[in-house]
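One structure below.
The values are calculated or read from the model by the stated rules, or taken from the named source; none is laboratory data. Every value quoted in this text rests on a predicted model; they were computed, and no experiment measured them. A quick note on method: Cβ atoms are made from the backbone with ideal geometry, for glycine too, and the neighbour counts reach across all protein chains shown. Protein only, heavy atoms only, side chains kept; ligands, DNA and RNA dropped before computing areas. Shrake-Rupley method; radii C 1.70, N 1.55, O 1.52, S 1.80 Å.
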Amino acid sequence: MSIIPSNVNGQASSFIHNKEHYLTLVKDLQARRKRAHLGGPEKARLRHTESRGQILPRERIRLLLDVGSPFFELGELAGDNLADGTHIGASLITGVGLVNNRQCMIIVNDATVKGGSYYPMTCKKHVRAQRFAIQHRLPCITMVQSGGAYLPEQEGIFPDEGMFGSIFVHQVDMSAQGIPQIAIVMGSSTAGGAYIPALCDEVVIVRGKGFMYLGGPQLVEAATGEKVGHEELGGAEMHTRDSGVADYIAEDDAHGLSIVRDIAANFGTAPTQRWDVASSVDPLYPIDDIYGIINQDTKIPTANRDILARLVDGSHFDEFKANYGDTLICGFAKIHGFEVGILMNDGVMFSESAKKGTHFINLCCQRDIPLLFMADVPGFMVGEEAERGGIAKDGAKFITAMSSAKVPKYTLIIGGSYGAGYLAMCGRPFNPNAMLAWPSGRSGIMGAEQVANTLATVREDILTREGKTWNDDERETFKAPHRKRFEDSENAYNFASNLWYDAVIDPCETREVLALLLDLAGRCPKIDTQFGVFRQ
Ligand code: COA
């Protein structure tokens, strides 16, 4: 095992400035999380707690989970600043935590946001949580209190795959795969909000608070003229005695959650860890040095080996093919005792880097070692020499290896990750087990300045063809809005808002988050990899 030496000078002014800057990014992340955790407007929260005597969603989660359990959230910042007015968090909380010492996926409607109704992003977030649960064979516990579809946005909720209907599809798939699903109906649950519990294995309903019906009293009266109250139409007594849609009555929220914990105690044998996990060893250097290592000026490349030295156990790293294709660092290391194969950019991807990465992925698949892609890549090399050297076929090899690999895959965007580089480093379309980013992470088809320059060049060619010219000011006036648009778009929070990232994490949280994720993946059966054709 070799130790990565540290080349960091903590007294250097650049380090100090970078660190000060990064701390503001971390503060911003914390502020966003705080905003997401607050839930809906104060009026709605007070109505929930004081008028109805109900417990707020995050408190419900706290009561459900084992004392001291971590709760890793997926899509915590989803839905922020979207044009359709989705609230940050998208009126749903999804994440993994321990219930009776068993990792479970917890899915909770936030009824303080538009009655817990489903915006397009809420559907996407619910489906993403289910896909994560299926991939990791996690039992799902859903706390239901939802007005169903957010009606004004039906085009983004109703017709297509990946929308509300896919929640049902995944419920049925999970059921067929023997993944337990429990629902607790804690408030009014209409239409889709009623089908979700009905498709679960066991359903708890809270007396006097939980109601489930395909159409509420007003809708029934409008549709059929029948006048009926909430209790008769969908209350706890009716559903547990007459309809059989629910199985257990709870007297209040806390009682209901204790019943859910009892149910979870009967999920059967918990899956065991398939990997050897060594004792965890702290890195040799402080992890918060990362704040000072990442350059505030995005034009200056970051010394990524120094980052690696602060993330892996004992700063030990067995580097693979160190002298070859050195813009892609590959090697074996441990994170809290879990072995991982790390692929980390250190510049533009060349043919050699791509071939080395392909070879390394192949090794990890043979040995059932999970892959961690740490992305900070401007893209693949362009130009005649690169093309003549077959960069396209070598890039294709790397993409084939990465995409075929069935070992667990994790992506962490640490800097600017652009174009095919973003994709090849296991970008979202390649379905990594988790897609994470640091606040410094940026992704896009190209950098904002390059986009503005490319579009300006195209415009200039058209002007020339038409016998016109423009001056520098006009060129800049043309470029500025394109640059701004791409700067906004490449931002980590835009990606998180659209759920193209599962989570934005503080670099100092990275080891814990990865260890939690690796622990989940190691409790699933190994899947053999069948590689596609490698163009030679
Ligand atoms: N679509 C759009 N907006 C909805 C909604 C839905 N399905 N359900 C609730 N809302 C909105 C309300 O308009 C209100 O918006 P506002 O804060 O801007 O005024 C907000 O959510 C809270 O609704 P409110 O009725 O005050 O809350 P509540 O807690 O008393 O009741 C429900 C919640 C869900 C029981 C009730 O709003 C309801 O019955 N909604 C309709 C459910 C339905 O029929 N869904 C069919 C979907 S296919």
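Each DSSP beta bridge with both residues in the chain is either parallel or antiparallel, and the antiparallel ones are about 35%.
For the set ASP288, ASP253, the ranking by accessible area, highest first and with no ligand, DNA or RNA atoms included, is ASP288, ASP253 under a 1.4 Å probe. Within straight-line reach of LYS356, meaning a Cα separation under 12 Å, sit the following aspartates and glutamates at least 8 residues removed in sequence or on another chain: GLU319, ASP326, ASP394. For the chain, the longest principal axis of the Cα atoms and the long axis of helix 391-404 meet at an angle of about 30 degrees. Of LYS526, LYS393, the order by accessible heavy-atom surface (1.4 Å probe, DNA, RNA and ligands excluded), from most exposed downward, is LYS526, LYS393. Largest accessible area first, the residues THR24, THR327, THR529 order themselves as THR24, THR529, THR327 under a 1.4 Å probe with ligands, DNA and RNA left out.
ASP528 exposes around 120 Å² of accessible area when a 1.4 Å probe is run over every protein chain in place. Quick one: grab the alpha carbon gyration tensor of the range 130-277, order the square roots of its eigenvalues as a ≥ b ≥ c, and give me rounded if a/c is under 1.5, else prolate or oblate depending on whether a/b is larger than b/c. Oblate shape, in that a/c is at least 1.5 and b/c is the bigger or equal ratio. Counting only other residues whose beta carbon sits under 12 Å from that of ASN295, what net charge do I get with K and R as +1, D and E as -1? Neighbourhood net charge equals -1. Near PHE15: Cβ cut-off under 15 Å, other residues only, Lys/Arg at +1 and Asp/Glu at -1. The net charge is -3. From helices alone, the chain scores -12000 deg cm²/dmol at 222 nm; the rule is -39500 (n - 2.57) for each run of n ≥ 4 DSSP H residues, then divide by the residue total. The accessible area of THR240, taken with all protein chains in place and a 1.4 Å probe, comes to roughly 40 Å².
By the rule of a C-alpha distance below 18 Å, with chain neighbours fewer than 8 residues away ignored, the aspartates and glutamates paired with LYS34 are GLU42, GLU59, GLU73, GLU76, ASP80, ASP110, ASP502, ASP506, GLU509. If the cut-off is 28 Å between C-alpha atoms, which lysines fall inside it for LYS468, apart from same-chain ones fewer than 8 positions away? Once the sequence-local lysines are set aside, what remains near LYS468 is LYS479, LYS484. A probe of 1.4 angstrom, applied to the heavy atoms of all protein chains, finds PHE132 with accessible area near 0 square angstrom.
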